[in-house]
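Working notes for the structure below.
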């Protein structure tokens with residue numbers, strides 16, 4: 001149980017949900033817009049175009065994906081999986097394993113898990129007002145983008161809260177990729193030493209598909225999401241193979257076979273009880 005919770009904790013200690021950021025800073029003075037490198041913006045716009053276009057991507061309010069999941073570190077821990085996403089802020093994954101159903105979700109900024117024995121555990125920030133700078137509790141950046149990586153790009157380009165930097169090319173999963181680094185906060189905040197979060201998005205230089213996304217978690221623990229097997233689904237390019245690794249160890253692998261969009265999911269669908 002302890003190791004399962006720790007795995008979930010490491011996974012969710014990423015960037016904060018933008019909605020929380022707006023709530024926490026709404027009473028503060030406006031901050032200068034974060035700089036966005038023109039070369040980085042160009043690459044991300046090419047990724048949006050290759051995936052079906054910004055309008056088509058933003059038109060997707062919710063999605064449901066089905067397939068199979070395996071947990072390499074746990075023998076025989078594999079089975080059917082259902083993944084749900086709503087807007088940019090809600091996410092849920094239910095894995096039907098031989099020992100029972102394992103679930104975890106982000107709903108209204110709260111991460112909740114349920115293990116195969118039916119034990120429910122939630123993590124929420126302390127204090128009356130959720131803060132994007134709460135530490136060590138932090139929800140993922142755009143949780144719904146976990147299985148829909150292009151969605152975060154549609155939300156980042158032109159967003160004054162995030163800086164974009166082009167870091168050159170590198171090799172990831174056998175692909176030559178453009179490394180686009182995003183950082184939450186303006187240049188003023190960064191120079192003042194304010195708390196910031198950094199993420200790298202790796203975009204294939206030829207196909208402009210998102211190959212991977214990486215973050216550095218507390219205590220310099222590396223967390224990565226890898227994407228492959230892209231296919232068109234109702235006019236939008238989606239990854240049908242997704243895997244996560246934490247500290248160099250693969251934690252789960254998902255192979256999807258179907259995506260459905262805009263089926264009318266509600267926030268109640270993301271509440272685990």
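The values are calculated or read from the model by the stated rules, or taken from the named source; none is laboratory data. Model, not experiment: these values are computed from the prediction. Using ideal geometry, Cβ is built from the backbone for each residue, glycine included, and neighbour counts are taken over all protein chains shown.
If you go through the stretch 143-182, how many residues are closer than 15 Å to residue 38 by Cα and part of a strand (DSSP E or B)?
Of all residues in the stretch 143-182, those closer than 15 Å to residue 38 by Cα come to 153, 156-160, 162-168, 178-182.
In the following step, the residues that additionally are part of a strand (DSSP E or B) were identified as 162-168, 178-182.
Final tally of qualifying residues: 12.
Among what's in the stretch 96-109 and is farther than 15 Å from residue 140 by Cα and within 20 Å of the chain's Cα centre (by Cα), pick the residue that is surrounded by the fewest Cβ atoms within 10 Å (Cβ to Cβ). Spell out the reasoning first.
Residues of the stretch 96-109 that are farther than 15 Å from residue 140 by Cα, as a first pass: 96-103.
With the extra rule that they be within 20 Å of the chain's Cα centre (by Cα), the set shrinks to 102-103.
Working: 102: 23, 103: 18.
By that ranking, first place goes to 103.
Does residue 112 count as crowded, with 17+ Cβ neighbours inside 10 Å and within 24 Å of residue 247 (Cβ to Cβ)? Steps first, answer last, please.
On the way: crowded, with 17+ Cβ neighbours inside 10 Å: yes; within 24 Å of residue 247 (Cβ to Cβ): yes.
Against the criterion (crowded, with 17+ Cβ neighbours inside 10 Å and within 24 Å of residue 247 (Cβ to Cβ)), residue 112 qualifies.
Please enumerate the residues belonging to the stretch 254-273 that are in a loop (DSSP other than H, G, I, E, B) and buried (at least 19 other Cβ atoms within 10 Å of the Cβ).
Narrowing the stretch 254-273 to residues in a loop (DSSP other than H, G, I, E, B): 262-266, 271-273.
Correct list: 265 only.
Could you tell me which numbered condition residue 210 fails, if it satisfies all but one of (1) in contact with a helix residue (DSSP H, G or I) (Cβ under 7 Å, 6 or more places away or on another chain); (2) free of Cβ contacts under 8 Å to residues at least 12 places away in the same chain?
(2)
Condition check ((1) out of contact with any strand residue (DSSP E or B) (no Cβ under 7 Å at 6 or more places or on another chain); (2) modelled with pLDDT of 90 or more; (3) over 26 Å from residue 44 (Cβ atoms)) across all residues:
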residue: 76; (1), (2), (3): yes, no, yes
residue: 88; (1), (2), (3): yes, no, no
residue: 97; (1), (2), (3): no, yes, yes
residue: 126; (1), (2), (3): yes, no, yes
residue: 132; (1), (2), (3): yes, no, no
residue: 138; (1), (2), (3): yes, no, no
residue: 156; (1), (2), (3): no, yes, no
residue: 165; (1), (2), (3): no, yes, no
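Are any residues in the stretch 47-61 surrounded by 19 or more Cβ atoms within 10 Å (Cβ to Cβ) and not in a helix (DSSP H, G or I), and if so, which ones?
Correct list: 51, 52, 60.
Please determine whether any residue of the stretch 39-46 is touching a helix residue (DSSP H, G or I) at 6+ places or on another chain (Cβ under 8 Å), part of a helix (DSSP H, G or I) and at pLDDT below 95.
There is no residue in the stretch 39-46 that is touching a helix residue (DSSP H, G or I) at 6+ places or on another chain (Cβ under 8 Å), part of a helix (DSSP H, G or I) and at pLDDT below 95.
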